[in-house]
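These notes are about the structure you will find just below.
The numbers here are math on the coordinates, done by the rules we state, and not lab data. Bear in mind that the values here come from a model prediction, so they are computed numbers and not experimental data. FYI the Cβ positions are ideal-geometry reconstructions off the backbone, even for glycines, and counts take in every protein chain you see.
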Amino acid sequence: MSKLTGSKKATQFTESVIREMTRLNDLHGGVNLSQGFPDFPAPAAIKEAACEAINADVNQYAVTWGARPLRDAIAREFTRRYGLPIVPDQQVTVCCGSTEAMMSTMMAIIDPGDEVVVFEPFYENYGPDAILSGATPRYVTLREPGWSFDPDELAAAFNDRTKAIIINTPNNPTGKVFTRDELETIATLCRKWDAIAISDEIYEHIIYDGHQHIPIATIEGMADRTVTINGLSKTYSVTGWRVGWTISPPSLTGAIRKVHDFLTVGAAAPLQEAGAVALGLPDEYYTKLAAEYRRRRDVLVEILERHHFVCYTPAGAYYIMTDISGFGFSDDVTFARHLVKDIGVGTVPGSSFYKNSANGRTKIRFCFCKKDATLAEADRRLARLMVVQ
Ligand SMILES: Cc1ncc(COP(=O)(O)O)c(C=O)c1O
């Protein structure tokens, strides 16, 4: 047999559906409500800081695990917000986005045969992350409308092979914000089975209606078994800068840093300088960010409901999961293709967030990290949609 083929690992997962939808969207001149990137500007102060860093010739490799000002700022802000002391030299590793932070963490902690518990619907990267790191994923379903889990189902997913659980709060695609009770349940299982929590908190500041973000690292007994993952992308509207990080217990940091070093060496040096400035923005910045996204959420929910989508209103993050049963399509992928080709609105089919795609067959995800004009244009286009009822 020819050796001119991809590896077994690479054939076990498909191309990113979200990026494919974005490409289809561009091809058909659609309004892109699929991939979660803002179409409005980033804060001027951080753009200026990036330009200043380049003009000051911050052009060479930063320290592989991250420039000191950024690591210090990450540790300082986490401690200030959540009261947990973080030692930047021993616990913070800056990566090329939280995508690389997640992959470096998984590669650093997983051995073949290890199991990783993943909630579904999940952010689509977690599947390939598990396959590439050699983990066997065990899925536990979050069920609408509240997107909670059954504690017995979760308990049944843990065993002595469980190395880690991936949590994402606020959650993509559901908008769920994990409660303290839910995190306590997860923490109890992590302690019982000596498992690590990998907590993707990239939507930390995008949270609504009085919900509170609780990092699982702050739950009793979890600081030394949690890797917290975060980044600049969503909080500062700079998804293309590719700056993210891990906060890990010192016992895991060495392994994460080694993998990170040989995968990417380091994130863009001038953008790390600007990242330190970003993390120093005053608290009003975060309050305004959440208020502005809440307003956009309400705008899109109103539009979608008017066009006969059933919306699961998110408590955080910037996506809306919807039910499309009323449109009479056989499945979510056919419907998403119809939306982008014939109506001109890009979305993500629900099945791409589930291991068992049947669970997502009646769902479509929209994102609302967009200008008012973009949402208004989507509204105009969706008016052409026919409901079969
Ligand atoms: C839950 C989640 N984690 C990570 C990422 C990617 O973040 P980054 O741009 O830092 O790689 C995304 C982007 O959509 C996301 O939704």
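How big is the dipole moment of region 162-309 about its Cα centre under a simple scheme where the beta carbon of each Lys and Arg is +1, that of each Asp and Glu is -1, and everything else is neutral? Debye, nearest 20, please.
Magnitude of the dipole: close to 360 debye.
Calculate the spin-label point distance for GLN90 paired with SER7, positioning each point 7 Å from the Cα along the beta-carbon direction, and give it in nanometres.
3.4
What whole number of Å gives the distance from the Cα centroid of region 72-102 to the Cα centroid of region 110-189?
Centre-to-centre (Cα) distance: 22 Å.
Can you check what the Kirkwood hydrodynamic radius comes to for region 337-389, Cα pairs only, in Å to one decimal? Write down the numbers at each step before the final one.
Details: mean 1/r = 0.0810 Å⁻¹.
After inverting the mean inverse Cα-Cα distance, the result is 12.3 Å.
Take LEU281 and ARG306, extend 7 Å from each Cα along the Cα→Cβ direction, and tell me the distance between the two endpoints in nm.
2.9
Can you give the Rg to Rh ratio of the chain, both from alpha-carbon atoms, with Rh computed by the Kirkwood formula? Write out the running numbers ahead of the final one.
On the way: Rg = 20.6 Å, Rh = 21.5 Å.
Result: Rg/Rh = 0.96.
Where nothing but the Cβ of Lys and Arg (+1) and of Asp and Glu (-1) is charged, how large is the charge dipole of region 171-227 around its Cα centre, in debye to the nearest 20? Let's see the in-between values first.
Values: 5 positive and 10 negative charges, 27 e Å.
Around 120 debye, computed over region 171-227.
For every other residue with a beta carbon closer than 10 angstrom to the beta carbon of PHE329, add +1 if it is Lys or Arg and -1 if Asp or Glu, then tell me the sum.
0
Let's test the formula: R0 of 25 Å, r as the Cβ-Cβ distance of LYS355 and GLU184. What FRET efficiency results, to the nearest 0.05? Working shown, then result.
Numbers: r = 26 Å, r/R0 = 1.03.
The value I calculate is 0.45.
Would you mind working out the magnitude of the charge dipole of region 79-206 relative to its Cα centre, with +1 at each Lys and Arg C-beta and -1 at each Asp and Glu C-beta, to the nearest 20 Debye?
Details: 10 positive and 20 negative charges, 56 e Å.
So the dipole magnitude of region 79-206 works out to roughly 280 debye.
For the chain, give the share of DSSP beta bridges that are antiparallel, in percent and rounded to the nearest 5; count only bridges with both residues there.
50
Taking region 161-284, how much of its Cα-Cα pair set, in percent, is spaced more than 26 angstrom apart?
Details: 2018 of 7626 pairs.
Of the Cα pairs, 26 percent sit more than 26 Å apart.
Rule-of-thumb check for region 233-389: C-alpha Rg over 2.2 N^0.38 Å?
Working it through for region 233-389, the quotient is 1.31.
Give the shape of region 1-112 as rounded, prolate or oblate, defined through the alpha-carbon gyration tensor: a ≥ b ≥ c are the square roots of its eigenvalues, a/c under 1.5 means rounded, and otherwise the shape is prolate if a/b is larger than b/c and oblate if not.
Note, shape of region 1-112 comes out oblate.
With just the Cα atoms defining each centre, how far is region 45-59 from region 343-371? Give it in Å.
So the separation of the two Cα centres works out to 37 Å.
Which aspartates and glutamates, if any, have their Cα less than 16 Å from the Cα of LYS371, not counting same-chain residues under 8 positions apart?
By straight Cα distance, LYS371 reaches ASP39, GLU292, ASP298, GLU302, ASP379.
Subtracting the Cα-Cα distance from 0.36 nm times the residue separation, let me have the gained length for GLU20 to ASP224 in nm, one decimal.
69.6 nm
Over 31 Å between Cα atoms: which of LYS8/LYS176; LYS47/LYS363; LYS234/LYS341; LYS9/LYS258 fall into that group?
Pairs exceeding the cut-off: LYS8/LYS176; LYS47/LYS363.
Could you state the principal axis extents of the C-alpha atoms in region 97-246, from the largest down, to the nearest angstrom?
That works out to 40, 32, 28 Å along the principal axes.
Under the 0.36 nm per residue contour assumption, what length would be gained going from the current alpha-carbon distance of GLU77 and ALA44 to full extension?
Extra length from GLU77 to ALA44 when fully extended: 9.8 nm.
FRET efficiency for ASP261 and THR334, Cβ-Cβ distance as r, R0 = 35 Å, nearest 0.05?
Calculated transfer efficiency: 0.20.
Sort 72-84, 271-283, 21-33, 227-239 for me by packing, meaning the mean count of neighbouring Cβ atoms within 10 Å per residue, highest on top.
Peptide ranking by packing, descending: 227-239, 271-283, 21-33, 72-84.
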